[in-house]
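Chemist: Attaching a single structure in structure tokens format; questions to follow.
None of the figures in this text is laboratory data; all of them are computed from the coordinates on show. Not measured: the values here are computed from a predicted model. Neighbour counts are summed over all protein chains in view; Cβ atoms, including those assigned to glycine, are modelled from backbone coordinates with ideal geometry.
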């Protein structure tokens, strides 16, 4: 089973991004999804797996 979490990209550096997930900042790999600061992504196992629509 895979659990995903929605987070906001705060900063991108190469193939890593700092993402805020549930109030906690984590570094995740962004090899699969081209993102930039301000984007929202679904993350699983330390990787961004899909871009999400902007949150209100």
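Chemist: For the chain, what proportion of DSSP beta bridges, expressed in % and rounded to the nearest 5, is antiparallel?
Modeler: Of those bridges, close to 95 percent are antiparallel.
Chemist: How high is the relative contact order of the chain, in percent, counting Cα pairs under 8 Å that sit 6 or more residues apart?
Modeler: 32 percent
Chemist: Which order do peptides 9-17, 41-49 fall in by mean Cβ count within 10 Å, highest first?
Modeler: 41-49, 9-17
Chemist: So, one more: Is the range 5-52 best put as rounded, prolate or oblate by its Cα gyration tensor, with a ≥ b ≥ c the root eigenvalues, rounded for a/c under 1.5, and otherwise prolate when a/b is larger than b/c, oblate when not?
Modeler: rounded
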